[in-house]
Amino acid sequence: MMAHSEALLVLENFIAGKFVPCSSYIDSYNPSTGDVYCRVPDSGKEEVEAAVKAAKAAFPIWSSKSPLERSQILNKLADLIERDLEAFAQAESKDQGKTIMFARTVDIPRAVYNFRFFASSILHHTTECTEMASVGCVHYTSRAPVGVAGLISPWNLPLYLLTWKIAPAIACGNTVVAKPSEMTSVTAWMMCKLLEKAGVPHGVVNVVFGTGAKAGEALVCHPDVPLISFTGSTLTAQRITEKSAPHCKRLSLELGGKNPAIVFDDADLSQCIPTTLRSSFANQGEICLCTSRIFVQRGIYSEFLKRFVSEAKKWKVGNPSDPTVDVGALISKEHLEKVRSYVKKAQAEGARVLCGEGVDSLALPTGNQKGYFMLPTVIAEVKDESCCMQEEIFGPVTCVVAFDTEDEVIERANGVKYGLAATVWSSNVGRVHRVARRLQSGLVWTNCWLIRDLNLPFGGMKASGIGREGAKDSYEFFTEVKTITIKH
């Protein structure tokens with residue numbers, strides 16, 4: 001524990017419109033220095049119980065508001081976050097280790113847009129109606145909010161992914177109890193300070209901070225929380241599924257990925273290489289959509305590898321608050337060790353590490369010597385069955401391997417338990433469509449990466465999750481549908 005503890009930021013839970021202190025706290029570290037800089041409530045059953053009670057009490061009034069009234073409040077909240085964009089970006093960068101540029105240009109603008117997007121989409125949903133003239137009946141559907149939604153978000157894109165859940169949940173008329181990651185709680189706490197000003201009634205949004213084992217479990221097991229939306233690891237999702245089963249809860253699970261990029265010999269490398277560097281190393285590789293397996297057709301394999309490695313070496317690692325830095329710090333000491341261990345395993349199996357970890361030296365500024373940094377790392381000649389090709393590493397590490405035929409590469413790309421995202425690089429339109437159809441992947445980008453239309457479904461196949469998120473999909477998840485038949 002640091003001696004000058006009075007300088008630490010101390011967070012409080014936000015329940016029924018008020019900040020509430022907690023009886024015990026956990027330390028949160030600044031990943032770029034390795035120092036404790038924040039204390040986060042270590043909430044459990046008692047705090048979750050109070051939050052669920054507040055959310056239940058707020059539900060009747062909030063759910064009876066018109067979509068337009070809710071929409072206006074969401075837009076106001078978006079405006080307030082946007083007004084404080086720089087403060088949010090600074091806090092996100094310090095708390096998570098991501099570069100200030102990434103927080104400024106990706107995380108916080110997207111959090112603002114999540115509220116604006118659902119504020120708009122909620123006004124455009126229509127219900128169905130059919131007529132059965134032969135029996136004199138008209139059928140129609142009606143949709144209603146479900147109740148208290150439990151929302152559990154991860155540490156890699158903290159405010160971005162938290163708002164991606166809160167926005168549709170409250171737009172549809174539900175009230176929420178949210179639990180951000182205990183490692184990255186600051187921006188959620190900052191958002192709570194703006195809720196009253198935006199016109200969000202007390203109890204509509206409650207935020208309980210703490211660990212998954214205590215606070216998360218209490219939320220998942222609570223009988224008055226009928227839905228759980230979770231983004232995180234497949235292992236945690238299995239536990240959530242087991243704990244929810246006795247209550248028959250509705251689950252939306254957005255889990256890990258082991259995403260392939262397939263580079264055919266007719267790919268435009270001048271576009272492919274810079275984009276694939278981004279898709280491998282953006283946000284330190286800590287995005288569930290990051291590319292961690294690159295399959296390159298044999299004819300261009302050595303040229304691709306040479307150019308890719310030479311560009312990867314140009315990525316600058318260092319203090320996240322420096323706007324010229326490309327790669328910030330990884331989230332924690334434990335996570336850094338885990339990512340490094342994969343590189344060691346690859347070397348032990350005979351793979352070649354072409355740049356980065358253990359090959360190049362990392363020079364850090366004085367204040368960042370104890371931070372959790374790692375160079376972008378490229379590994380070649382990895383076997384498909386290696387853990388480096390099968391398991392999610394979630395760091396700035398990517399494996400590059402050669403392939404010969406289209407059929408072969410599709411089989412190899414599909415040969416993992418995950419199925420979240422894939423990228424295909426080719427100038428042959430027919431091939432692009434053919435390959436995209438055959439990949440077991442919830443999202444396929446061709447000749448680009450991470451271009452999203454929030455109207456369309458987001459989510460994965462196999463161990464990458466259950467359910468989809470997006471305008472229509474989130475609306476269906478966060479509402480109950482009822483079919484009403486009228487005989488006339």
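Counting heavy atoms of the protein chains only and a 1.4 Å probe, report the per residue accessible area for the stretch 116-227 as a whole number of Å². Counting only protein heavy atoms, the per-residue value for the stretch 116-227 is 31 Å². What the Cα convex hull of the stretch 208-359 gives, in volume per residue, is 169 Å³. Overall dimensions of the stretch 134-182, expressed as equivalent-ellipsoid semi-axes from the Cα gyration tensor (√(5λ), whole Å, largest first), are 35, 10, 7.
Packing, taken as the mean count of other beta carbons within 10 Å per residue, orders the peptides 241-249, 453-461, 9-17, 97-105 from highest to lowest as 97-105, 9-17, 453-461, 241-249.
Cα axis of helix 298-312 to longest principal axis of the chain: angle in degrees, 0 to 90, nearest 10? For 298-312 against the chain, the angle is about 80 degrees. With all protein chains in place and a 1.4 Å probe, the accessible surface of the chain carries 54 percent carbon and sulfur.
When the P(r) of the stretch 102-223 is calculated, the portion above 21 Å amounts to 47% of the C-alpha pairs.
Of all beta bridges DSSP finds with both residues in the stretch 259-446, what is the antiparallel percent, to the nearest 5? So the antiparallel bridges in the stretch 259-446 amount to around 10 percent. When each of the peptides 369-382, 401-414 is scored by how many other beta carbons lie within 10 Å of its residues on average, the order from highest to lowest is 369-382, 401-414. Could you work out how far the C-alpha centroid of the stretch 14-85 sits from that of the stretch 240-289, in angstrom? Answer, in whole Å: 28.
Cut-off 13 Å, label point 7 angstrom out along Cα-to-Cβ of Lys472: give me the residues of the stretch 116-160 whose amide nitrogen falls inside. Residues 125-128 qualify, since their backbone N sits under 13 Å from the label point. Scaled against 2.2 N^0.38 Å for its residue count N, the alpha carbon radius of gyration of the stretch 315-396 is 1.13. Within the chain, antiparallel bridges make up roughly 45 percent of the DSSP beta bridges whose residues both belong there. For the stretch 293-402, the antiparallel share of DSSP beta bridges with both residues in that region comes to about 25%. Taking N as the residue count of the stretch 259-446, its C-alpha radius of gyration divided by 2.2 N^0.38 Å amounts to 1.00. Counted by Cβ distance under 12 Å from Asp384, the other residues give a net charge of -1, where Lys and Arg count +1 and Asp and Glu count -1. Classified by the C-alpha gyration tensor, the stretch 23-126 has an oblate form. Its axis ratio a/c, with a ≥ b ≥ c, is 1.5 or above, and a/b does not exceed b/c. Both radii come from the Cα set of the chain: Rg as radius of gyration, Rh as Kirkwood radius; their ratio Rg/Rh reads 0.99.
State the percent of C-alpha pairs, over all pairs in the stretch 33-89, separated by a distance greater than 14 angstrom.
Roughly 75 percent, rounded to a whole number.
Using a/c under 1.5 as the rounded threshold, could you call the stretch 362-481 rounded, prolate or oblate? The axes a ≥ b ≥ c are square roots of the C-alpha gyration tensor eigenvalues, and prolate needs a/b larger than b/c, oblate otherwise. Oblate. With contributions of -39500 (n - 2.57) from each DSSP H run of at least four residues, the per-residue ellipticity at 222 nm computed over the chain stands at -11500 deg cm²/dmol.
The values are calculated or read from the model by the stated rules, or taken from the named source; none is laboratory data. It should be emphasised that the depicted structure is a prediction, and the values quoted were computed from it without experimental measurement. As a convention, Cβ positions derive from the backbone with ideal geometry for all residues, glycine included, and neighbour counts pool all protein chains shown. With ligands, DNA and RNA removed, areas are computed over all heavy atoms of the protein, side chains included. Shrake-Rupley method; radii C 1.70, N 1.55, O 1.52, S 1.80 Å.
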